[in-house]
1. Using 1/(1 + (r/R0)^6) with R0 = 22 angstrom and r between the beta carbons of residue 52 and residue 104, what's the FRET efficiency to the nearest 0.05?
2. Could you give the angle, 0 to 90 degrees to the nearest 10, between helix 113-149's Cα long axis and the longest principal axis of the Cα atoms of the chain?
3. Using 13 Å as the cut-off for backbone N distance, which residues of region 16-46 belong to the label zone defined by a point 7 Å from the Cα of residue 72 along Cα→Cβ?
4. If I take all pairs of Cα atoms in region 11-150, what percentage of them are more than 21 Å from each other?
5. Mind giving me the nanometre distance, one decimal, between the label points for residue 87 and residue 117, set 7 Å out from Cα along Cα→Cβ?
6. To test your reading of the geometry: what angle, between 0 and 90 degrees and rounded to tens, separates the Cα axis of helix 4-36 from the longest principal axis of the chain?
7. Just subtract the alpha-carbon distance of residue 63 and residue 36 from 0.36 nm times their residue separation and send over the number in nm, one decimal.
8. So between residue 125 and residue 12, what do we pick up on full extension, going 0.36 nm a residue minus the alpha carbon distance?
Amino acid sequence: MEAFFYVVPLLMIGLVSYAAVTVTRRARDISSAWSSGLTAQARCLRTYTTTSGGGETAVSTVLHHVYEFATREGRVVRFDETGGPGTTIEGDVVTVHYAADRPERATAKAPAPGKLAAGTGCLLAFFAVIILICLGFMAVAHAMFDAAAT
């Protein structure tokens, strides 16, 4: 039973750490696309939403856009991006930013490095708080089990 108080927080720390790596990687990809200076005209091929939750929980809806563009070398690239503007519909032409070595990680988001850094920083701080809470819980559980054993 004692292991339960260590395993569950460790699993939570693992999930939060994975989320932190994912957020950091996507922020790095977006920043790299913006700083590369390469742009192209892309066509929005499709928009769709995904929903999660329902029943007893709140429903969350995420808007996705599927874009297609041609790189300067003529390679046709298609990518899916979440969180774009709701005013972009199928058939619209938008400017995308991409890095030459990874055009499939392009973004249609307008350059806003400060906003990206602030958002990423806030998420990482939130993840750090969750990890600290889990570590604190494990420390308290350890102290309680030690006290009960003596």
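A short reminder: the numbers here are calculations on the coordinates, not readings from a lab. All values derive from a computational prediction rather than experimental measurement. Cβ placement follows ideal geometry from the backbone for every residue including glycine, while neighbour counts extend to all protein chains displayed.
1. 0.30
2. 20
3. Under 13 Å, as judged by backbone N against the label point of residue 72, lie 36-40 of region 16-46.
4. 58
5. 2.8
6. Roughly 20 degrees, rounded to the nearest 10.
7. Contour length minus the Cα-Cα distance gives 7.1 nm.
8. Answer, rounded to one decimal: 39.1 nm.
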